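The values are calculated or read from the model by the stated rules, or taken from the named source; none is laboratory data. Note that this is a predicted model, so its numbers are computed, not measured. Here the Cβ positions follow ideal geometry from the backbone for every residue, glycine too, while neighbour counts run over all protein chains shown. Heavy atoms of the whole protein, side chains included, go into the accessibility calculation; ligands, DNA and RNA do not. Shrake-Rupley method; radii C 1.70, N 1.55, O 1.52, S 1.80 Å.
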Amino acid sequence: MGWTNRAIARRTFVKVAGCSIVATASSLFLSSEVAAQEMQFVSPDAALERLLAGNQRFVQQKRQSPHQSRLRLEETANNQYPFASLLTCADSRVAAEIIFDQGLGDLFVVRIAGNVASDRVVGSLEYSTDILGSQLIVVLGHERCGAVTAAVTGKSLSGKIGSFVADIQPAVARVKDKSGDAVENAVVANVQYQVELLKTSPTLTRLLEQNQLKIVGGRYDLDTGKVTIVA
């Protein structure tokens, strides 16, 4: 079953569960119609094109700020069907809906320092794809990332900060002998490494094999606002 039918079926069940027997038939029809309209169905490739087009508008200062009206708020109050999911760093300058010029209900965003694919992060993205129907995951790192810098320098950190730094260390090890800027090399390597980790999820692997999902990695330039695909 494709994600469109899968999501419609779930929505239909929720709708029908609270309805009387008399209204069941009409509820089935109407909920399916509304769900099909709300899900903004796009292929994985089209979803990526849509994101990058939004980023280009942001860079060129031609934002359209779609889906940010009161009407959109009401449309998405009870259901969500994001066309893309993002794993981004928690950095305050990396706000997905802004840099990709999207709005309410468009993106399912998981933000964590160093954009690391921890178990809870993977679970969240499995939910956004297998349950909500998102067909694209973008792991988005950014230049001068503090978490990556900490992993590169190897400085001892207090509290729980070191937990996500440890998740970045394997990526740092991959490029430790590479020429050039060590932090920049590690930022890209970390994106690529986290993409690889996501692809080890049985749930995400199944969706990839069924051509219902694409997973890519990107680098965000803090100076220009541009996103470049690196994985």
Checklist entry - Among the residues of the stretch 43-85, which ones are of a type in the set (A, V, I, L, M, F, W, C) and in contact with a Leu (Cβ under 8 Å, 6 or more places away or on another chain)? => result Ala47, Leu48, Leu51, Leu73, Phe83, Ala84
Checklist outcome for this item: Those residues of the stretch 212-226 that are of a type in the set (Val, Ile, Thr) and over 18 Å from the mean Cα position of the chain (by Cα) come to a total of 1
Checklist entry - Would it be correct to say that Ala84 is surrounded by 15 or more Cβ atoms within 10 Å (Cβ to Cβ), closer than 24 Å to Ala186 by Cβ and in contact (Cβ under 8 Å) with a residue 12 or more places away in the chain? => result no
Checklist outcome for this item: In the stretch 128-141, anything under 11 Å from the mean Cα position of the chain (by Cα) and of a type outside the set (Val, Ile, Thr) is listed as Ser128, Ser134, Gln135, Leu136, Leu140
Next on the checklist: If Ala231 meets every condition in (1) farther than 18 Å from Ser128 by Cα; (2) assigned to a helix (DSSP H, G or I); (3) among the aliphatic types (A, V, I, L, M) apart from one, which number is that one?
Outcome noted: (2)
Checklist entry - Just one of the numbered conditions (1) open to solvent by less than 40 Å² (accessible area, probe 1.4 Å); (2) in a loop (DSSP other than H, G, I, E, B); (3) over 24 Å from His142 (Cβ atoms) is not true of Ala77; which one? => result (1)
Next on the checklist: Considering only residues that are closer than 18 Å to Ser128 by Cβ and among the β-branched types (Val, Ile, Thr), which ones fall in the stretch 181-228?
Outcome noted: Val195, Thr200, Thr203, Thr205, Ile215, Val216
Checklist entry - Which is modelled with pLDDT of 50 or more and either surrounded by fewer than 13 Cβ atoms within 10 Å (Cβ to Cβ) or under 19 Å from Leu132 (Cβ atoms) (or both), of Arg93, Arg11? => result Arg93
